[in-house]
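**Q** Take a look at the following structure, please.
The values are calculated or read from the model by the stated rules, or taken from the named source; none is laboratory data. Computed from a prediction, not measured in an experiment: that's the story for all the values here. Here the Cβ is made from the backbone with ideal geometry for all residues, glycine too, and neighbour counts use every protein chain on show.
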Amino acid sequence: MKTFLITGGAGFIGSSLADKLLSDNHRVIVVDNFNDYYDISVKERNIKHNLNNPNYKLYRFDIENIDDLKKVFNENDIDVVVHLAARAGVRPSLERPVDYVKTNIMGTVNILECMREKNIKKIVFASSSSVYGNCKENIFSEDLKVTEPISPYAATKSACEQLLYTWHHLYGINVVALRFFTVYGPRQRPDLAINKFTRLIMSDKPIDMYGDGSTKRDYTYIDDIVAGICGAINYDKTGYEIINLGGGEPITLKDMIATIEDVSGKKATINQMPMQPGDVDKTVCDWSKAQKLLGYTPKTSFKEGIRKFVQWKKSI
């Protein structure tokens, strides 16, 4: 049995990971600030079933608060940190860049400093495919240059990857930074496109489609992401790695909408809108490194993932 600290552990990915680790008989410590970026009842629902589990402990505060973080590290014998907490969203980061820097960058430094002080040697970090910016390559591999982020959110994720390397170099902290490619599935944040579009289509309400529908995303089902994180937790061959986790099946925006229509049996009413600043044209994941190092292979097709998501949406 190991003890895992999951920052952002009440969110979509964090709560799904917590369920998996608890089912494998590990201890889980969750830090989450339950901010008002979206309705906090969503996060409350994500964690409700674990609150009475003796192997589950919840702290409600912001990772910007170093004193609260130190308390968590002092009160618990933590083996591995899975750092998922961040201010999320590309478009909001254009409006509140200072907040994104404070939470995403300073919060990460706070965590690394607590790890250094307690001699904790393993962190898995949630980076993002957004670090690739408007990459012109046909497929995004980890050795591509990522020095041209086009949103403050992407810039903070790229900066954190570099900070993690610094703490690895100076203090021997082992790092796996995972670049997630558009994660979806049950518990997905309500502001993200698949959740929002499904909710509106099923309610016979119009959806806003930004651009002409040709933008492309490499959607990744939550179960595959959790499997990839678990692979990263167990990885011990090298001290610092950046690894893509994607679905391997890039889907255009038009095809995403069409799949939701097909699975839900409802027709979308579309308001076509101009492209938004900060949005990238495409993401296409090369997950061969994840397969080689982590034994990762995405198993859920996009249509099957949407089918599972729609079933979940109908059940809540």
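**Q** When you scan the range 31-135 for strands (runs of 3 or more DSSP E) that lie fully inside it, which ones turn up with 2 or more residues that are crowded, with 21+ Cβ neighbours inside 10 Å, aliphatic (A, V, I, L, M) and touching a helix residue (DSSP H, G or I) at 6+ places or on another chain (Cβ under 8 Å)?
**A** Counting at least 2 such residues, we get 80-83, 122-128.
**Q** Could we say that ARG199 is part of a loop (DSSP other than H, G, I, E, B) and in contact with a helix residue (DSSP H, G or I) (Cβ under 9 Å, 6 or more places away or on another chain) here?
**A** Judged against the criteria, ARG199 is not a match.
**Q** Taking only the range 55-113 into account, find how many residues are of a type in the set (Phe, Trp, Tyr), touching a Lys or Arg at 6+ places or on another chain (Cβ under 6 Å) and within 24 Å of PRO190 (Cβ to Cβ).
**A** 1
**Q** Still on this structure, please answer the following. For residues that are modelled with pLDDT under 95 and acidic (Asp, Glu), tally how many sit in the range 258-316.
**A** Number of matching residues: 2.
**Q** Pick out the one residue from GLU148, GLU142, GLU113 that is charged (D, E, K, R) and touching a Gly at 6+ places or on another chain (Cβ under 6 Å).
**A** Among GLU148, GLU142, GLU113, only GLU148 is charged (D, E, K, R) and touching a Gly at 6+ places or on another chain (Cβ under 6 Å).
**Q** Acidic (Asp, Glu), more than 23 Å from LYS314 (Cα to Cα) and surrounded by fewer than 18 Cβ atoms within 10 Å (Cβ to Cβ): does that describe ASP255?
**A** no
**Q** Under the condition of being under 15 Å from SER264 (Cα atoms) and aliphatic (A, V, I, L, M), which residue from the range 175-200 is surrounded by the fewest Cβ atoms within 10 Å (Cβ to Cβ)?
**A** For the range 175-200, the residue satisfying everything is LEU200.
**Q** What helices (runs of 4 or more DSSP H) lie completely within the range 211-316 and have 2 or more residues being within 24 Å of GLY14 (Cα to Cα) and in contact (Cβ under 8 Å) with a residue 12 or more places away in the chain?
**A** Result: 222-234, 288-294, 302-315.
**Q** A further question on this structure: When you go through ARG187, ARG199 one by one, which is the residue that is under 22 Å from GLY305 (Cα atoms) and within 14 Å of the chain's Cα centre (by Cα)?
**A** Checking each option against the conditions leaves just ARG187.
**Q** Something else now. Determine, yes or no, whether VAL31 is under 23 Å from ILE233 (Cβ atoms) and at pLDDT 95 or above.
**A** So VAL31 passes the test.
**Q** On to the next question. Any chance you could count how many residues in the range 206-222 are within 12 Å of the chain's Cα centre (by Cα) and farther than 15 Å from TRP287 by Cα?
**A** Matching residues across the range 206-222 total 1.
**Q** Just name the residue that is surrounded by the fewest Cβ atoms within 10 Å (Cβ to Cβ) out of those in the range 15-30 that are of a type in the set (D, E, K, R), in contact (Cβ under 8 Å) with a residue 24 or more places away in the chain and over 17 Å from VAL72 (Cα atoms).
**A** LYS20
**Q** Something else now. ILE270 is checked against (1) crowded, with 18+ Cβ neighbours inside 10 Å; (2) in contact with a strand residue (DSSP E or B) (Cβ under 6 Å, 6 or more places away or on another chain); (3) among the β-branched types (Val, Ile, Thr) and fails just one. What number does that condition carry?
**A** Single failed check for ILE270: (1).
**Q** Could you figure out which of (1) in contact with a strand residue (DSSP E or B) (Cβ under 9 Å, 6 or more places away or on another chain); (2) surrounded by fewer than 18 Cβ atoms within 10 Å (Cβ to Cβ); (3) at pLDDT below 95 isn't true of PRO206?
**A** (3)
Condition check ((1) surrounded by 16 or more Cβ atoms within 10 Å (Cβ to Cβ); (2) among the aromatic types (Phe, Trp, Tyr); (3) modelled with pLDDT under 95; (4) not in a strand (DSSP E or B)) across all residues:
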site	(1), (2), (3), (4)
PRO149	yes, no, yes, yes
ALA155	yes, no, no, yes
GLU161	yes, no, no, yes
TYR165	yes, yes, no, yes
HIS169	no, no, no, yes
